[in-house]
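Values quoted throughout were computed directly from the atomic coordinates according to the rules given, and no laboratory measurement underlies them. As the structure is a computational prediction, the values presented were derived from the model and not from experiment. Cβ coordinates were reconstructed from backbone atoms using ideal geometry, including for glycine residues, and neighbour counts include every protein chain displayed.
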Amino acid sequence: MMDDAKTVTEQVLAGSAIAEVLDDLATLRLEVFREYPYLYEGRREDELIYLGAYAKEPDACVIIAYDGLEVIGAATGMPLVQEDAQLRDACAGTTTPLDEIYYVGELLFRPAYRNYGLGRKLLARLERHISSLGRYRALTCATVERPDVHPLRPPGYIPITRFLARTGFVRLPGASTSFMWREIDGVKRDHPMQFWIKELV
């Protein structure tokens with residue numbers, strides 16, 4: 001359990017500066033995404049290839065949260081038009097032009113640092129950075145859809161959708177896609193993903 005949220009510091013990185021933290025970010029993703037609801041059995045080499053795209057995109061942003069020297073959380077994002085075609089196509093029916101939408105890739109914390117308000121803090125920091133760019137009108141993100149009766153759903157599990165609703169995101173009707181990945185039992189499965197959107201003030 002974390003003793004004091006004030007011990008957590010943040011570092012905002014953009015464009016090529018993101019290359020400095022790719023290894024730490026890959027480690028965090030591999031650890032956190034093994035948990036429910038993703039149950040993702042990833043490979044470091046694939047993570048580094050995926051994350052390397054952030055360092056090549058000038059408007060990409062990564063916010064790393066530290067407790068001392070330890071990386072304990074992160075928020076990432078890049079312009080939607082620079083993301084995978086599946087993500088772009090899913091949002092093609094929105095009223096906001098795709099080149100004015102910024103995709104939030106992830107908001108992750110190690111278990112001991114959750115439920116202390118750090119998610120809101122990092123998201124707000126990310127929003128300020130995106131707004132400062134002056135080119136984006138909305139944020140979007142995608143959440144994996146799991147049935148409430150999934151056998152690996154932990155007792156007392158709180159879905160990320162509750163956090164999204166409390167921070168101003170709304171579900172985008174009809175905006176969905178699916179991605180296949182290997183789960184922790186070694187089986188590759190297709191996973192439906194639902195999109196959410198938030199207008200930037």
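Can you sort Thr143, Thr161 from fewest to most other Cβ atoms within 10 Å of each residue's own Cβ? Walk me through the intermediate numbers first.
Details: Thr143 18, Thr161 14.
By the 10 Å Cβ count, ascending: Thr161, Thr143.
Kindly put Glu183, Glu47 in sequence by how many other C-beta atoms sit within 10 Å of each C-beta, fewest to most.
On the way: Glu183 15, Glu47 19.
Sorted ascending by nearby Cβ count, the order is Glu183, Glu47.
Using the 10 angstrom Cβ neighbour count as an exposure proxy, how do Trp181, Trp196 rank, fewest first? Present the calculation step by step, with values, prior to reporting the outcome.
Numbers: Trp181 16, Trp196 21.
Ascending number of Cβ neighbours within 10 Å: Trp181, Trp196.
How long is the gain from Thr167 to Asp84 if the chain were fully straight, where each residue apart is worth 0.36 nm and the alpha carbon distance is subtracted? Please report the intermediate quantities before stating the final value.
Details: separation 83, 0.36 × 83 = 29.88 nm, distance 2.50 nm.
That pair, Thr167 and Asp84, stretches by 27.4 nm at full extension.
Enumerate the amide H contacts of Leu172 below 5 Å, restricted to partners 5 or more residues apart or on another chain; note that Pro and chain-start residues carry no placed amide H.
Phe195, Trp196, Ile197
Can you tell me the convex hull volume per residue for the chain, based on C-alpha atoms, in Å³ to the nearest whole number? Before the final figure, lay out each step's value.
Numbers: hull volume 24.9 nm³, N = 201.
Given the Cα convex hull of the chain, per-residue volume reads 124 Å³.
Under a 10 Å cutoff between Cα atoms, tell me which one of Ile64, Ile158, Ile18 has the largest fluctuation in the Gaussian network model of the chain.
Ile158
Once amide H atoms are placed 1.01 Å from N in the peptide plane, what residues at a sequence separation of 5 or more from Ala138, or on another chain, have their amide H within under 5 Å of its amide H?
Tyr102, Leu200
Per residue of the chain, what 222 nm ellipticity follows from adding -39500 (n - 2.57) for every DSSP H run with n ≥ 4, rounded to the nearest 500? Spell out each step's value before the answer.
Details: 5 runs with 53 residues, N = 201.
Calculated at 222 nm, the ellipticity per residue is -8000 deg cm²/dmol.
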